[in-house]
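Peer 1: First the structure, then my questions, so here it is.
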Amino acid sequence: DTAVSQTPKYLVTQMGNDKSIKCEQNLGHDTMYWYKQDSKKFLKIMFSYNNKELIINETVPNRFSPKSPDKAHLNLHINSLELGDSAVYFCASSQGLAEYNEQFFGPGTRLTVL
Amino acid sequence: KNQVEQSPQSLIILEGKNCTLQCNYTVSPFSNLRWYKQDTGRGPVSLTIMTFSENTKSNGRYTATLDADTKQSSLHITASQLSDSASYICVVTSQAGTALIFGKGTTLSVSS
């Protein structure tokens with residue numbers, strides 16, 4: 001019954017590996033997001049998808065590739081992981097743009113790159 | 001440059017006491033301001049959302065105020081409880097923007 005869910009909750013991996021984080025929302029929202037929260041707890045948006053189409057792509061390395069198979073899912077694939085990728089990644093969703101509507105966050109995925 | 005500054009960075013109070021968290025922003029043109037609560041190990045949860053025409057909004061023991069002229073907002077917590085221990089994040093949206101601008105948050109610790 002969780003509104004926005006992410007898997008896995010924890011991810012520990014070696015530098016250079018490729019990994020994916022999955023996100024699903026059952027709220028019927030049409031817009032989904034990925035955020036990165038660094039060690040200083042600062043949240044920064046990475047991507048935004050509306051109706052499966054990319055509408056925001058902040059300055060992130062192209063090693064990060066979001067994929068939205070349908071409106072309820074937004075997965076994040078990361079290639080060639082680096083130490084600096086260690087952070088907590090949050091998925092979120094909203095009905096319409098979050099600028100005008102309430103945004104719901106998932107529980108986060110803590111990624112640790114060794 | 002659009003920025004959101006929060007103060008204090010951290011705060012410790014005794015259970016039952018009140019406290020006020022501050023948020024100053026330079027975002028323009030302004031659309032709305034929201035306060036989130038983020039418990040440790042959890043995602044942020046929305047507390048209040050205010051547009052420029054709203055001066056105050058309450059959600060239980062949480063009351064947010066907004067002064068669009070001075071570009072300041074505050075979040076007042078009444079009769080604090082141990083469960084209020086969390087990070088409180090101020091987020092501002094620009095009418096011209098396509099994303100929300102997050103502050104770095106205030107970490108509140110409520111002790112018994």
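Peer 1: Listed residues A:100, A:49; which is under 15 Å from residue A:22 (Cβ atoms), of a type in the set (Phe, Trp, Tyr) and within 14 Å of chain B (Cβ to nearest Cβ)?
Peer 2: A:49
Peer 1: Is it the case that some residue within the stretch B:52-65 is more than 25 Å from residue A:92 (Cα to Cα), more than 14 Å from chain A (Cβ to nearest Cβ), within 10 Å of the chain's Cα centre (by Cα) and crowded, with 16+ Cβ neighbours inside 10 Å?
Peer 2: yes
Peer 1: Tell me which of these residue A:76 doesn't satisfy, since it passes every other one: (1) more than 14 Å from every other protein chain (Cβ to nearest Cβ); (2) farther than 28 Å from residue B:3 by Cβ; (3) part of a strand (DSSP E or B).
Peer 2: Of (1) more than 14 Å from every other protein chain (Cβ to nearest Cβ); (2) farther than 28 Å from residue B:3 by Cβ; (3) part of a strand (DSSP E or B), only one is false for residue A:76: (2).
Peer 1: A follow-up question, please. Are there strands (runs of 3 or more DSSP E) fully within the stretch A:1-55 with at least 2 residues that are under 15 Å from residue A:94 (Cβ atoms)? List them.
Peer 2: A:19-25, A:31-37, A:43-50
Rundown of residues vs (1) within 14 Å of chain B (Cβ to nearest Cβ); (2) surrounded by 19 or more Cβ atoms within 10 Å (Cβ to Cβ); (3) within 25 Å of residue B:102 (Cα to Cα); (4) in contact with a Ser or Thr (Cβ under 8 Å, 6 or more places away or on another chain), yes/no style:
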| residue | (1), (2), (3), (4) |
| --- | --- |
| A:6 | yes, yes, yes, yes |
| A:13 | no, no, no, yes |
| A:23 | yes, yes, yes, yes |
| A:32 | yes, yes, yes, yes |
| A:42 | yes, no, yes, no |
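Peer 1: Just checking, does the stretch B:34-44 include any residue being touching a residue at least 12 places away in the same chain (Cβ under 8 Å), within 30 Å of residue A:23 (Cβ to Cβ), loosely packed, with under 12 Cβ neighbours inside 10 Å and more than 13 Å from the chain's Cα centre (by Cα)?
Peer 2: Yes - at least one qualifying residue is present in the stretch B:34-44.
Readers should treat all values here as calculations from the given coordinates under stated rules, not as data from a laboratory. Quantities reported herein were computed from a predicted structural model and do not represent experimental measurements. All Cβ positions, even for glycine, are placed from backbone atoms using ideal geometry, and neighbour counts span all protein chains on display.
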